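Worksheet: one structure, shown below.
What follows draws every value from the coordinates through simple rules; no lab data is involved. Remember, it's a predicted structure, so these values are computed and weren't measured experimentally. Positions of Cβ are generated from backbone atoms using ideal geometry, with glycine treated the same way; all protein chains shown enter the neighbour counts.
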Amino acid sequence: MLKELPQLLRAMRPHQWTKNALVLAAIIFAMKWHDMSAVRATVQAFAAFCALSSFTYLLNDLRDAEEDRHHPTKRNRPIASGRLRPSTAWAAGFVLLAAGMALAFDVNAETGLIASTYMFITVLYQLGMKNMVILDVLALSAGFVLRAVAGATAIQAEISPWLLICTMQLSLFLALGKRRGEIVLLGDGAAAHRAALAQYSTYLLDQMISVVTASTVMSYALYTISDRTVKLVGSTHMMYTLPFVIYGIFRYLYIIHNTGMSDAPDKALFADKPLLSSVVLFVATACVILWLGHR
């Protein structure tokens, strides 16, 4: 098993733990980063979701190994390529599942229940929902929303409806972009890889992406000037983060239509320096505005 450790770590996809950064949103916008107990709870919740998400990646690769062998890039995954034994993946998966749930419930009962709901939806997705058109992207979006909610319950912060709305819209945008990237990459073989892809088309996905893009920008714009945000920040200065959001979304649209990275949003984030820069500048600007509003 030790010889398989590098392949096991690869199958756990630590590069995709960036998705769990949504757990950190609550402590930033609730401005509790100086509260060490809140920091510890947030870090623990983040670790829990990293473990749980790695379990889902192993489960996905175990169930889809045969289909992945016919995919131009997924065939190189450790399980599909035969470099990682299924028995090793199952054993590691159950350890990750147990560790993740234990960490989540150790934060508090609410976070544990959110983690349980996340796992329930994720397992449903793996067992068949990923082959149901539209429901597949909604399930993916729900996973992101639950990450954000877990961050709020971990520090006992009030869950902002704006946080949920913006997270849902942005995650739908990424999920639809991923589906479009898969169709473009696989071409005529898309339906053979995943049944839901047979029911999508690039035209349909472009229409959906257009709707979600507009609603994402509008939702965030309304958030920056809402009474709740103005009261929290002490000003309307959060509107100054809007250009980074618009640029980031437009840059990702550019990636969807002009590069081959849209089927892997996590790789696109780190591979595309302008996109990564917009995310970093957004976070930095938001933190400065929040700090100045409460110094």
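A few remarks follow.
- What the phi angles of region 51-60 give under the Karplus curve with 6.51, -1.76 and 1.60, with θ = phi - 60°, is a coupling list of 5, 5, 5, 5, 4, 5, 5, 5, 4, 4 Hz, glycine and proline written as x.
- Oblate is the label for the chain, because the ratio a/c of its alpha-carbon gyration tensor axes (a ≥ b ≥ c) is 1.5 or higher and a/b is not greater than b/c.
- Fewest-first ranking of Ile134, Ile121, using other Cβ atoms within 10 Å as the exposure measure: Ile134, Ile121
- The ranking of Lys231, Lys267 from fewest to most other beta carbons within 10 Å of each one's beta carbon is Lys231, Lys267.
- For the chain, the relative contact order works out to 17 percent when only alpha carbon pairs closer than 8 Å and six or more residues apart are counted.
- If you run the Gaussian network model on the chain, springs between alpha carbon atoms under 10 Å, then out of Gly143, Gly234, Gly181 the most flexible one is Gly234.
- The calculated FRET efficiency for the pair Ser81 and Thr117, based on their C-beta separation and a Förster distance of 45 Å, comes to about 0.85.
- Angle between the chain longest axis and helix 202-225 axis [Cα atoms, degrees, rounded to 10]: 20 degrees
- Computed magnitude of the charge dipole of the chain (debye, nearest 20; Cβ of K, R +1, Cβ of D, E -1): 500 debye
- Net dipole in debye of region 1-159 [+1 Lys, Arg Cβ; -1 Asp, Glu Cβ; about Cα centre; nearest 20]: 560 debye
- Once C-alpha pairs closer than 8 Å and six or more residues apart are averaged by separation and normalised to the residue number of region 1-159, the relative contact order reads 32 percent.
- Working note: Karplus 6.51/-1.76/1.60 with θ = phi - 60° gives region 84-93 the couplings 10, 5, x, 4, 5, 5, 4, 4, 5, x Hz, where Gly and Pro are set to x.
- Overall form of region 25-124 per C-alpha gyration tensor (a/c, 1.5; a/b vs b/c): prolate
- Sequentially through region 150-155, phi angles give Karplus couplings (6.51, -1.76, 1.60; θ = phi - 60°) of 4, x, 6, 5, 4, 10 Hz, Gly and Pro residues having no value and appearing as x.
- Neighbourhood net charge (13 Å Cβ-Cβ; Lys/Arg +1, Asp/Glu -1) for Phe173: +3
- Degrees between helix 273-293 axis and first principal axis of the chain (Cα, 0 to 90, nearest 10): 30 degrees
- Packing-based exposure ordering (other Cβ within 10 Å, fewest first) of Ile289, Ile246, Ile114: Ile246, Ile289, Ile114
- Length gained on full extension, Thr236 to Phe250: 2.7 nm, using 0.36 nm per residue less the C-alpha separation.
- If you take all other residues with their beta carbon under 9 Å from the beta carbon of Arg75, and give Lys and Arg +1 and Asp and Glu -1, the sum is +2.
- Once C-alpha pairs closer than 8 Å and six or more residues apart are averaged by separation and normalised to the residue number of region 160-295, the relative contact order reads 28 percent.
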